[in-house]
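One structure is given below, encoded as structure tokens.
The numbers here are math on the coordinates, done by the rules we state, and not lab data. From a predicted model like this one, the values you see are computed outputs, not experimental measurements. Neighbour counts are summed over all protein chains in view; Cβ atoms, including those assigned to glycine, are modelled from backbone coordinates with ideal geometry.
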């Protein structure tokens, strides 16, 4: 692959990640799944593993009344066989009791190969914020 082809593929892969994130925030897990390869592995903070965006939607429904992402930037790392895309920003929304929150940092790391997301890893400050809300500090 030429360097121009690699950059074009990286740009396409960044658009795939953005489209996935937008679909997941609706939430529309079935549309989000169209951007993912069969056998996807989605790993959330705490080593929680999911195989489909609908599982992520169900998990988030128990943790938040609603949640959205302020996508502040994408860092795109083209590779010879795959592109790594980092989405960085903050979460905002409401906890299950309706209390609003914002500024909850997140990093999502995607591996995109042949136009499909093959892995997704998620880190955010929600656990720390929940501990603080319940008076548990270290």
| request: Using a 10 angstrom cutoff on alpha carbons, build the Gaussian network for the chain and name the most mobile of 39, 93, 115. | output: 39
| request: Provide the gained length on full extension for the span residue 116 to residue 4, in nm with one decimal, where the gain is 0.36 nm per separating residue minus the Cα-Cα distance. | output: 38.3 nm
| message | Between 0 and 90 degrees, rounded to the nearest ten: what's the tilt of helix 53-63 against the longest Cα principal axis of the chain? | response | 20
| field | Gyration tensor verdict on the chain (Cα atoms; rounded if a/c is under 1.5, prolate if a/b is larger than b/c, oblate otherwise) | value | prolate
| task | Estimate the FRET efficiency between residue 34 and residue 129 by the formula 1/(1 + (r/R0)^6), using the beta-carbon distance for r and 22 Å for R0, to the nearest 0.05. | result | 0.10
| said: For the chain, take the longest principal axis of its alpha carbons; what is the angle in degrees between that and the long axis of helix 3-25, to the nearest 10 within 0 to 90? | reply: 30
| request: Could you line up 2, 132 from fewest to most neighbouring Cβ atoms inside 10 Å? | output: 2, 132
| request: Calculate for the chain the 222 nm mean residue ellipticity that helices alone would give, adding -39,500 (n - 2.57) per DSSP H run of length 4 or more and normalising by residue count, nearest 500 deg cm²/dmol. | output: -10500 deg cm²/dmol
| message | Test of understanding: what is the full-extension gain from residue 77 to residue 48, defined as 0.36 nm times their sequence separation minus their Cα-Cα distance? | response | 7.9 nm
| When only Cα pairs under 8 Å and 6 or more residues apart are kept, what is the percent relative contact order across the chain? | 24
